[in-house]
1. Given a Förster distance of 35 angstrom, what is the FRET efficiency for residue 219 paired with residue 79, based on the Cβ-Cβ distance and rounded to 0.05?
2. Going down the list 105/198; 168/203; 168/209; 82/168; 82/209, which pairs span over 25 Å between their C-alpha atoms?
3. From the Cα gyration tensor of region 120-179, with a ≥ b ≥ c the square roots of its eigenvalues, which class applies: rounded if a/c is under 1.5, or else prolate if a/b is larger than b/c, or else oblate?
4. Roughly what would the spin-label model give for residue 134 and residue 118, points 7 Å off Cα along C-beta, in nm?
5. Name the residues whose placed amide hydrogens come within less than 5 Å of the amide hydrogen of residue 89, ignoring near sequence neighbours (fewer than 5 apart) on the same chain.
Amino acid sequence: MPHEHESGLKESESTKPTRPLPVGVPEADRRVDRRSRIWGLILLAVIVLVGVGSFRACSWWNSDDRPLAQSTVDRSGPVVLKSIQDLARFQAATGTFQVVVDLEKDTKYVPKAIAGQRTLFVGVGTVDAYVDFSGVTSDALTMSEDRKSVSLRLPPPALEKVNLDQDKSYVFAQERGVIDRFKSLFTDDPNKLADVYKAAEAKIGDAAKETDLSSRAQDNTRALLTGLFKSLGFTTVTVTFSAT
């Protein structure tokens, strides 16, 4: 009986169908190739998942839904009208200026590397030359009896204060000592550039006085008024500028 059972088991195992191996390929190599394909598919799936996760993370990080996202809140108060002033002036000329301000602050008997500050600032601003008509009286205008000639006496042109362009002006370079650098870590002075702004405005204002802005303003004002009076029928127009 045992012999019959063993012979039957052997016959069933021998009758089990087996997949033929490719010619010339050992079974061990075929298993290695199968494992390589499986690991390749797993690696590809991981790469795809990481890429999708990274894209979603970047989108989330750039969005406003992330926990530490920064936002800008405007809590400014309403604009208050302080005053209204009627202007009676003619802006006759405008000059644009650029200056490099080299401002240095030193501490006496202390090396610059320890305490001190030097700022190079490029300032760009404009200066307007205008003629103020508000002070012109009736005796400043003289007309001939035939209404063909007219004379007008005006005050000399004046220069408006410097208008520094904040968008075009910038700090080119800045050097600070060790103490100044350390102090800047704990204090934030909102007016730290006020000195270079004032220096730039002063230098531009002085330079404007040395230019021909005033004479250019006189020529432009004279041309404007001459054309205006001639359109009214005057043939001779004389415009002078005097401080009195």
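1. Details: r = 39 Å, r/R0 = 1.11.
Calculated transfer efficiency: 0.35.
2. Details: 105/198 15 Å; 168/203 17 Å; 168/209 22 Å; 82/168 29 Å; 82/209 31 Å.
Over 25 Å apart, Cα to Cα: 82/168; 82/209.
3. On the way: a/c = 7.38, a/b = 4.75, b/c = 1.55.
Since a/c reaches 1.5 and a/b is larger than b/c, the shape of region 120-179 is classed as prolate.
4. 4.6
5. It is 133, by chain and number.
Readers should treat all values here as calculations from the given coordinates under stated rules, not as data from a laboratory. As the structure is a computational prediction, the values presented were derived from the model and not from experiment. Ideal geometry is used to build each Cβ from the backbone, glycine not excepted, and the neighbour counts take in all protein chains shown.
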